[in-house]
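Notes to accompany the following structure.
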Amino acid sequence: MFKESTELRHMTHSDPNISATASASDDEFAARNSSYSAFDPSRTSGEGSPMMMSPWNQSTPFNKSPWPNFDESIPQDMPKNGLIGSLVREEGHIYSLAASGDLLYTGSDSKNIRVWKNMKEFSAFKSNSGLVKAIILSGGKIFTGHQDGKIRVWKVHQKNPNIHKRSGTLPTFIDIFKCSIKPKNYVEVKRNKTGLWIKHSDAISALSINEEHGFLYSASWDRTFKVWRIDNSKCLESVKAHDDAVNSVVAASDGLVFTGSADGTVKVWRREMTGKATKHNLVDTMLKQECAVTALAVGGTGSFVYCGSSDGIVNFWSREKQLSHSGVLRGHKLAVLCVETAGNLVFSGSADKNICVWRRDGKAHTCLSVLTGHIGPVKCLAVEKDREAEQRWVVYSGSLDKSVKVWSVSELGPDLNQMGMGMGQQSSSEGDVSWS
């Protein structure tokens, strides 16, 4: 698929200032998408994978964990973070998770979406479209984003919670038909190829919901994000957002939307309403770098934005200071593939098979623990409040090792720097967290 390593590096670390459409063929564009968006398991140890191209990779063998056993050094009276159990069903690599209460939904590259309850398989339903790249729950509905560029909508049967029925697909067939009649609704999706603006022309990479206004956001490798109204399944807007695959989209409660891309940028968009019409305008480009942006999350009651990248670093910005860059978290040896937040905690999962748990105190971040146990890259995370303990969370991690692990994590854990574990906060104006 790739000819030389120099070409690989050009395609996977594309210049954010150069349009992909102007400088690369469609085949190169597809290859660049695959490198950081699909995270194809067949390339997890290959020359073009995010793991092998990470600058951290040279000093750390991929098959050997660089982390010590932290729990052995934690005082007995301190709350410990550790594994509760594993959910394993040998049918596919885990690409997406969504949790609500005691239910967990898992999506993989098989045709099944599985539902787990209290660590046991509860239900399953088929998507008939292969890889399930994103799952999000809202108002009794389950939205799933797929490799074929479609969003499926599911509902739980009123009388039997074990049964899930598909209630629709976005865009709807009738909307596609109506839209196809007018030539103005066709836009260029690839060189010399057009398609309807309401349809994604490539895989969906992420979903996000603004509950207050009832909007669903979908990001895609086709370089756009689209806005959908949940109550009537209408596509309200399609935004040509980046010069390469859009890997993540996060909708904040105040009308801001954040997108991260394989072109190395993080962009901020503001929603504006004019009557019934909605329009998202570009506010700022928060980050420009050569390596791909792989994950985004908003935390701290919306006051911080976190960005994971293929170089193993998590950047963060403070919204209280006009989205000023506030520091970086350095805890991974390989590409960061997912980031989640809960309470004062930040979780980052990586191609190095580990999950770093960070605690935020003001603007400062310290590492509480590193969760180890997966034998493949950690692709997705979901976090739920532990209903039986204060300041404790249940963390689900999905991996390309075909398993989901369940962890118990406390915000009250000890600071690893204070324990002499070699994880410290640098004295820099940006508040970097790094290995000392």
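The values are calculated or read from the model by the stated rules, or taken from the named source; none is laboratory data. This structure is a prediction, so every number in the text was calculated from the model and none was measured. So basically every Cβ, Gly included, is an ideal-geometry build from the backbone, and we count neighbours across all protein chains shown.
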| query | Is it the case that the range 277-288 has a residue that's in a loop (DSSP other than H, G, I, E, B) and more than 21 Å from I355 (Cα to Cα)? | reply | no
| message | Taking the criterion of being crowded, with 17+ Cβ neighbours inside 10 Å, under 23 Å from L236 (Cα atoms) and at pLDDT below 95, would at least one residue in the range 180-190 satisfy it? | response | yes
| assigned to a strand (DSSP E or B) and among the charged types (D, E, K, R), is that true of R359? | yes
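What tally of residues in the range 300-337 results from selecting those that are β-branched (V, I, T) and within 14 Å of T366 (Cα to Cα)?
Total satisfying the criteria: 2.
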| note | Sole miss for D311 among (1) touching a Ser or Thr at 6+ places or on another chain (Cβ under 9 Å); (2) assigned to a strand (DSSP E or B); (3) not aromatic (F, W, Y) is condition (2)
| remark: Just one listed residue, out of C291, C338, is surrounded by 24 or more Cβ atoms within 10 Å (Cβ to Cβ), under 25 Å from S220 (Cα atoms) and modelled with pLDDT of 95 or more, and it is C338
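From T172, T194, grab the single residue that is surrounded by fewer than 19 Cβ atoms within 10 Å (Cβ to Cβ), under 19 Å from V239 (Cβ atoms) and of a type in the set (S, T, Y).
The unique qualifying residue is T194.
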| With respect to S167, is the statement that it is over 26 Å from G264 (Cβ atoms), hydroxyl-bearing (S, T, Y) and in contact (Cβ under 8 Å) with a residue 24 or more places away in the chain true? | yes
| request: Being of a type outside the set (D, E) and modelled with pLDDT of 90 or more is the filter here, so list the residues in the range 263-280 that pass it. | output: G264, T265, V266, K267, V268, W269, R270, R271, K279, H280
| When only residues in the range 87-106 that are modelled with pLDDT of 95 or more and among the small types (G, A, S) count, which is farthest from D401 (Cα to Cα)? | A99
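Give me the strands (runs of 3 or more DSSP E) completely within the range 148-211, filtered to those with at least 1 residues that are farther than 18 Å from A134 by Cα and hydroxyl-bearing (S, T, Y), ordered by residue number.
186-190, 193-196
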| task | State which residue is surrounded by the most Cβ atoms within 10 Å (Cβ to Cβ) when the search covers only the range 297-320 and only residues that are touching a residue at least 60 places away in the same chain (Cβ under 8 Å) and not charged (D, E, K, R). | result | S310
